[in-house]
1. Calculate how steeply helix A:103-120 sits against the longest principal axis of the alpha-carbon atoms of chain A, using the helix alpha-carbon long axis, and give the answer as 0 to 90 degrees to the nearest 10.
2. Nearest 10 degrees is fine. How inclined is helix A:31-44 to the longest principal axis of chain A, computing both from alpha carbons?
3. If you count, for every residue in B:195-208, the Cβ atoms of partner chains within 10 Å of its Cβ, what is the mean?
4. In nm, to one decimal, how far is the modelled label at A:Arg132 from the one at A:His28, with both set 7 Å along Cα→Cβ?
5. Aspartates and glutamates near A:Lys172 by alpha-carbon distance under 17 Å, same-chain residues fewer than 8 away left out - which ones?
6. Could you work out the mean count of beta carbons from other protein chains within 10 Å of each residue's beta carbon in B:38-44?
7. What are the distances, in nm and sorted shortest first, from the label point of A:Glu200 to the label points of the same position in each other copy, with each label point placed 7 Å from Cα along the Cα-to-Cβ direction?
8. Within 10 Å of each Cβ in peptide A:141-154, how many partner chain Cβ atoms are there on average? Round it to a whole number, please.
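Please treat every number below as a calculation from the coordinates, not as lab data. Quick caveat, the model's predicted, so the values are computed rather than measured. Here the Cβ positions follow ideal geometry from the backbone for every residue, glycine too, while neighbour counts run over all protein chains shown.
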Protein chains: 2
Amino acid sequence: MPARQSPKPRISKPRTRRQAPGARPYHHGDLRRVLIDAALQLAAEGAEVSVREAARRAAVSPGAPFRHFPNRDALMAAVAEEAQRRFRAEIEAALAEASSTDPLARFRAFGIAYVRWAMHNPAHFEIISTGRYFAYGSSAELLRDNAELVALTERMLAEAAAQGLLRSPDLKRILIAGRALIYGFARMNLDGHFPRWGVEEGEIERMAEGVIDLFIAGIAKS
Amino acid sequence: MPARQSPKPRISKPRTRRQAPGARPYHHGDLRRVLIDAALQLAAEGAEVSVREAARRAAVSPGAPFRHFPNRDALMAAVAEEAQRRFRAEIEAALAEASSTDPLARFRAFGIAYVRWAMHNPAHFEIISTGRYFAYGSSAELLRDNAELVALTERMLAEAAAQGLLRSPDLKRILIAGRALIYGFARMNLDGHFPRWGVEEGEIERMAEGVIDLFIAGIAKS
DNA sequence: TCCGTCATGTAATCATCGATTACATTTCGA
DNA sequence: TCGAAATGTAATCGATGATTACATGACGGA
């Protein structure tokens, strides 16, 4: 009996097929989803994410995940996609809650929400930030969610400029500086720098606000 | 014949003993040093650093490195130590070259040298920054080199404050903001964010200068 | 309704890696 | 000089990512 399968196309799309919740569509259900969730949880627990452990938690054989992801990086890319989605949702929720219409106040709220999420979800933030998993597949959703956050800050600063709130006309420079400041602060925390810089645990969130305020004061007119 | 070695103290200090260069002190020479160099080179090549590959390059058995490092993280900590030493040397050389005595100009030179080294030595910078290997052993030299760089920036800002150059009296806040800005910028480059932020490869170094200038303008008086 | 195809999962297997243990060899100082 | 300590080797373990051959169950067209 000749082999019935060609070894090439081992990955397939998740078979776009909606059905009533509760009905198990196949052997395991939506294993792809379960694996991503398991990996997310592993990361959140501080453990290193391994394909096998994710398979173990899904009660599935060690080879099964490779039916859904060509390799570990692809799984991590899917994890990054989900984490990025949650991150974006959180940021937008925080901005929605911030009732102010002042673009610089909104920028402040953005930065604080950014740092806060990074503090509360360090492993997920690391997966998003590293860019190692951005490369793989370059998932459309991942790119879109990220681009949306970029555009968000661009809009806030452009609005501030339009209202004559900024000292400098170089928007791009301000954009990158603000981003570097916020990202750098979140990263300093993630990478454990603060103890060495004399910033104590309970002080970090207040410091984030102070640092962002300092930046805004620096770019604001008058 | 009973075992002559107890399994506990398998690691020993490198036997402080100076001797004429060229003379091989032992079997392999200074294997510890060779392993660190191999690991540094592996990282610089973009490969992931494995103990076995380092041993391979040192033409030594796979178990040999564990005579000098209790585990992989200890090797990486030694690598971090060496990288941090080079980093500090580079920064101090750049500051020595910057003849200016204006503390804010020196801060600028510091930031630019920082970003430039991070750009030219991405893997080594990552090893230094991550803090994963800071934990292990907490090598005195690693901590000292790092603390020295912290103190360096502290001094520059304190001097600027003493000369009445700063708008705000909150030195710590300025310190952390400046550090977050510079670190964040270097990290954005390392983590591949810039393409997504519309900053092109050849533009990065100029952008670093611009961003630092923007920051300094923001904190400087008048 | 039936049946074959294909998506999905399993079992077995590989190579690599970090790590440990028992043993061999060289250095060095009492 | 001689024995203990330092250093390296060989063999081995368990975990991991990945691949291959095979099993099975779901689903749609006849």
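1. So the inclination is approximately 40 degrees.
2. Helix A:31-44 sits at roughly 50 degrees to that axis.
3. 3
4. Between A:Arg132 and A:His28, the simple spin-label model gives 2.3 nm.
5. Here the aspartates and glutamates satisfying the reach criterion relative to A:Lys172 are A:Glu148, A:Glu154, A:Glu159, B:Glu200, B:Glu201, B:Glu203, B:Glu205, B:Glu209, B:Asp213.
6. That works out to 0 on average.
7. 5.0
8. The mean count of partner-chain Cβ atoms within 10 Å per residue comes to 1.
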